[in-house]
Amino acid sequence: MKYFNFLISNQIINITAISWFLTQVLKVIIVMLTEKRFDLSRFFGAGGMPSSHSATVCTLSVLIGRMYGFSTPEFAIAFVFSLIIMYDAAGVRRAAGQQAFVLNKMLDNWYNAEQEFTEIELKELLGHTPLQVAIGAIIGIFIGTIAII
């Protein structure tokens with residue numbers, strides 16, 4: 001119970017979680033506006049506009065900077081961590097999603113209607129475009145800046 005109380009009383013964790021939650025909700029809203037459909041899976045899934053990874057780590061970095069100072073080791077750690085996460089979201093994870101797309105197309109072409117392929121398709125929406133990462137970062141910086149700590 002002591003650890004649960006720590007989690008719910010830690011403002012940085014709470015505000016960072018709110019940033020993630022709001023960004024995930026925004027993904028659902030954007031799909032509703034652009035594709036005219038309600039897709040709750042966008043709330044739970046990775047990838048898409050905006051990047052909740054970027055929003056979350058940028059909120060964390062800004063809050064650390066505001067609380068401890070922007071020239072502290074704590075902020076430096078959070079900042080470098082943020083850069084790595086955002087690079088991964090737009091680089092490695094996006095490339096994995098593109099590879100999954102190609103592999104799924106190859107499997108579709110390889111197996112015709114007479115041959116049944118029972119494997120689950122690979123998940124294609126894994127990473128983010130640079131724009132999705134940038135918008136997520138802007139949202140995270142904004143939330144971290146306006147949050148009351």
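Coordinate-derived values only; no laboratory data. Since we're looking at a predicted model, the values are computed, not measured. Using ideal geometry, Cβ is built from the backbone for each residue, glycine included, and neighbour counts are taken over all protein chains shown.
Multiply the residue gap between LEU131 and ALA76 by 0.36 nm, knock off their C-alpha separation, and tell me the result in nm, one decimal place.
Taking LEU131 through ALA76 to full extension adds about 17.4 nm, to one decimal.
Taking R0 as 35 Å, what's the FRET efficiency between TYR87 and MET1 from their Cβ-Cβ distance, rounded to 0.05?
Calculated value: 0.40.
Quick check on packing: order 37-46, 77-86, 53-62 by the mean number of other C-beta atoms within 10 Å, highest mean leading.
Going from most to least packed, we get 53-62, 77-86, 37-46.
Determine, from the Cβ-Cβ distance of SER9 and ILE30 and an R0 of 25 Å, the FRET efficiency 1/(1 + (r/R0)^6), rounded to the nearest 0.05.
For SER9 and ILE30, the calculated efficiency is 0.15.
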